[in-house]
Amino acid sequence: MSRIRLAATAAGLATALLLSACGSGDDPLASDDSGASSAPGTVTVGSANFAESELLAEIYSQALEAKGVTVKRQFNIGARELYLKALQDGSIDLLPEYNGALLSALQTGGAPEGVSKPEDVLAALKKVLPAGTEVLDQSAAEDKDTLTVSQETATKYSLKTIDDLKPVAGQLVIGAGPEWQERYQGLKGLEELYGVKFKEFKPLDAGGPLTVNALKKGDIQVGNIFSTDSSIKTNNFVVLDDPRNLYLAENILPLIRTSAKTDAVAGALNAVSAKLTTENLTTYLAQVQVDKKDTATVAKAFLSENGL
Amino acid sequence: MNLSYLFDAAHWDPSATGSFPDLLLAHLGYVALALLIGTVIALPVGLYIGHTGRGSFIAINAGNAGRSLPTLGLLMLMVTLLGLGLLPVLIALTVLVIPPILTSAYAGMRTLDSQVVDAAKGMGMRPWQVLTRVELPMALPVLFSGFRSAALQVVATATVAAAVGLSGLGRLMIDGLAVNDYSRVLAGAIVVALLAVLLDLLLAQVQRWIVSPGVSKRF
């Protein structure tokens with residue numbers, strides 16, 4: 001009997017520990033120091049905590065420095081919740097953003113259905129920006145969800161757009177992040193907007209190595225990969241067009257505090273956005289991620305090769 | 001803390017994919033298969049090494065090395081090599097199961113009272129009879145505790161199957177994290193913890209049934 005009682009006590013203890021660990025209401029992302037505002041005339045550039053954001057922030061910084069603006073770098077801040085707070089309290093003045101993702105984060109209930117083209121997204125975004133901030137010109141470069149297939153699959157079923165999937169999807173397995181099962185911009189939208197229903201859904205990682213590898217091996221025939229992922233090029237994958245704009249536009253654009261926006265700053269950043277495309281961003285990002293080059297070196301190469 | 005996912009009746013409908021019964025069944029399936037394969041491999045080897053005393057360094061080193069392998073890392077490696085499917089998950093989980101069973105089988109056999117074994121031989125038992133009628137029953141408490149710890153580890157670790165697109169209770173955690181549904185993550189953690197405790201209680205009871213009263217001194 002005593003053994004059962006012991007086990008029951010242990011179970012109770014374990015559950016209590018588990019619950020108390022989950023119960024603490026502290027926001028792990030919240031930071032205490034509100035950060036002093038930067039000195040007048042200096043632009044503090046921030047970035048999110050992933051390679052592409054840091055590269056873009058470095059490109060912005062060097063473009064500003066080339067125009068004689070003093071820049072303070074405050075990179076690798078964290079997720080959107082965190083850096084938006086930093087932008088609003090003035091610890092940073094500028095950072096690279098994605099129009100669709102930013103809109104989804106700011107609009108209560110997420111981006112409205114039907115708003116997915118770049119210009120619509122930008123218009124909707126401008127209405128919900130936090131006070132004291134604004135966005136500059138958006139670039140053609142997009143880092144967005146795609147449906148991607150291998151070269152063989154594309155040839156076999158002659159696939160160019162998502163529409164072409166409709167008659168053959170019943171034989172194909174799709175792999176994507178687990179959230180695709182429930183999100184409109186996942187399986188639901190594919191079925192409603194394109195009438196595409198796959199044979200099977202494999203919950204993998206969101207455009208990560210698992211999905212790329214599964215696509216390479218043929219465990220899945222269709223995968224969700226982000227449009228600036230260099231694995232698309234290295235593996236000769238084919239990105240299917242999205243003529244009905246299921247996936248939200250994710251154009252890269254600078255988000256800036258109005259107080260830091262001078263003509264020189266805006267001019268320098270708009271010149272960068274004018275040159276930025278999905279293709280050249282992919283190439284330069286691959287230099288950071290695949291060739292392990294230094295972000296500052298790659299940013300410099302981007303600017304000099306584009307005459308900035 | 002939010003327990004709404006756990007207590008939502010819709011999530012307990014056995015016919016729905018992704019419901020608790022559905023995931024539980026898949027989870028137990030991975031656990032059972034890994035335990036079965038692991039036992040079939042580790043038990044004979046452990047018994048042989050323990051019985052003969054030969055190659056004991058294999059038992060000890062394989063045990064230690066196997067325990068230090070991170071299951072998730074091994075799983076990702078297997079998926080890279082073999083592609084998606086049940087096989088990589090089973091390999092990763094079996095590697096987890098083998099060390100405790102192997103070492104406990106070996107330890108159970110080594111710690112036998114040699115006088116009892118001698119007595120059995122003196123009574124004219126054949127080697128096979130010595131093994132099955134004397135050595136195995138006496139080694140059973142140690143051996144079975146190894147099996148129990150293997151079962152406990154694998155029931156908690158089988159959640160990794162969800163990381164590579166399979167089912168099981170890990171789905172609740174991985175999917176919950178992906179869609180910011182912490183109630184679902186919590187539900188998964190609670191169900192796995194309860195399952196582990198229940199399974200261990202069940203195996204403790206099985207141990208009482210199958211260990212000979214002469215060995216356990218409970219008459």
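The values are calculated or read from the model by the stated rules, or taken from the named source; none is laboratory data. Everything numeric in this text was worked out from a predicted model, so none of it was measured. Note that each Cβ is placed from the backbone with ideal geometry, even for glycine, and that neighbours are counted across all protein chains shown. Side chains included, ligands, DNA and RNA excluded: accessible areas come from the protein's heavy atoms. Shrake-Rupley method; radii C 1.70, N 1.55, O 1.52, S 1.80 Å.
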Checklist entry - Going by the conditions given, is B:Ala34 surrounded by 19 or more Cβ atoms within 10 Å (Cβ to Cβ) and either out of contact with any Asp or Glu (no Cβ under 8 Å at 6 or more places or on another chain) or more than 29 Å from B:Leu172 (Cα to Cα) (or both)? => result yes
Item to check | A:Leu64 vs. criteria under 18 Å from the mean Cα position of the chain (by Cα) and either part of a helix (DSSP H, G or I) or closer than 14 Å to A:Ile256 by Cβ (or both) | outcome: no
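Conditions (1) buried (at least 19 other Cβ atoms within 10 Å of the Cβ); (2) on the phi < 0 side of the Ramachandran plot, marked per residue:
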| position | (1), (2) |
| --- | --- |
| B:Val97 | yes, yes |
| B:Ala105 | yes, yes |
| B:Asp113 | no, yes |
| B:Met125 | no, yes |
| B:Ala158 | yes, yes |
| B:Ala162 | yes, yes |
| B:Gly165 | yes, no |
| B:Gly168 | yes, no |
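Per-residue answers, yes or no, for (1) under 30 Å from A:Leu215 (Cα atoms); (2) open to solvent by 40 Å² or more (accessible area, probe 1.4 Å):
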residue: B:Thr132; (1), (2): no, yes
residue: B:Ile174; (1), (2): yes, yes
residue: B:Leu186; (1), (2): no, no
residue: B:Ala189; (1), (2): no, no
residue: B:Gln207; (1), (2): no, no
residue: B:Gly214; (1), (2): no, yes
Checklist entry - Which number in (1) at negative phi; (2) within 14 Å of another protein chain (Cβ to nearest Cβ) marks the one condition that B:Gly83 misses? => result (1)
Next on the checklist: Which count do you get for residues in the range A:96-130 that are in a loop (DSSP other than H, G, I, E, B) and at pLDDT 90 or above?
Outcome noted: 2
Item to check | The listed residue being without any contact (Cβ under 8 Å) to a residue 60 or more places away in the chain, part of a helix (DSSP H, G or I) and of a type in the set (A, V, I, L, M), out of B:Leu36, B:Leu72, B:Leu24, B:Leu6 | outcome: B:Leu36
Checklist outcome for this item: The number of residues in the range A:235-252 that are closer than 24 Å to A:Lys275 by Cβ and of a type in the set (Val, Ile, Thr) is 2
Next on the checklist: Please determine whether any residue of the range A:248-258 is within 30 Å of A:Val69 (Cα to Cα), charged (D, E, K, R), under 17 Å from the mean Cα position of the chain (by Cα) and open to solvent by 10 Å² or more (accessible area, probe 1.4 Å).
Outcome noted: yes
Next on the checklist: Residues that are within 11 Å of chain A (Cβ to nearest Cβ): list the helices (runs of 4 or more DSSP H) wholly contained in the range B:124-219 that include at least 3 such residues.
Outcome noted: B:170-178, B:182-210
Item to check | Scan of the range A:171-193 for residues that are open to solvent by less than 50 Å² (accessible area, probe 1.4 Å) and either over 14 Å from A:Gly223 (Cα atoms) or away from every other protein chain (no Cβ under 14 Å) (or both), ordered by number | outcome: A:Leu172, A:Gly189, A:Leu190
